[in-house]
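In what follows, a structure is listed as structure tokens, so that the remarks can point back to it.
The values are calculated or read from the model by the stated rules, or taken from the named source; none is laboratory data. Please read these numbers as outputs of a predicted model, since none were measured by experiment. Glycine also receives a Cβ, built like all others from the backbone with ideal geometry; neighbour counts cover every protein chain displayed.
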Amino acid sequence: MKRKKEPDAMKKKFAEIFMAIYAKDNAKAGRMLECLKLDRADKYAQAYADSVAAMLKAREANGGRYFISSIGETRQDFVKARELLQETRRAHVLGEADAGYIAAWLDYLETVIESGRLPSRRESDGEGRKEYPGEEPGEEETSDSL
């Protein structure tokens with residue numbers, strides 16, 4: 001019975017780390033990651049932990065060339081990235097290390113998607129109004145658009 005709780009506790013710890021990374025609370029995520037002890041030191045677990053550490057480093061660097069920075073901002077963007085990684089996992093024979101790496105990314109994306117913190121749509125430039133495809137323009141927009 002104790003063994004069942006260990007994976008749940010570890011999953012919860014990683015979810016907290018993922019949310020700190022998403023919130024760009026790099027110091028908190030770094031502290032949590034340092035305190036984390038892996039029960040098993042296999043290739044999968046090590047790759048998973050290395051992937052999470054790489055997410056944190058990329059977030060700290062804040063460069064647009066990293067996957068974590070180029071995912072997007074909306075729920076739709078995160079769902080699309082998750083589907084891409086799920087397809088990659090299905091379409092390729094992966095070694096333990098690659099499987100651990102992709103699993104960490106899938107868990108990160110899933111955790112952020114399920115958190116409810118992602119906007120469902122992008123905010124438009126200027127007025128901060130959300131864009132809704134197929135929506136009719138408001139009265140103030142109609143006069144400007146002609």
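As a summary of the residue check, R59 satisfies the conditions (1) basic (K, R); (2) within 15 Å of the chain's Cα centre (by Cα); (3) more than 26 Å from R121 (Cβ to Cβ); (4) surrounded by 14 or more Cβ atoms within 10 Å (Cβ to Cβ) except for the one numbered (3). Quick one: would you say Y66 is surrounded by 12 or more Cβ atoms within 10 Å (Cβ to Cβ), modelled with pLDDT under 90 and closer than 27 Å to K43 by Cα? Yes: the conditions hold for Y66.
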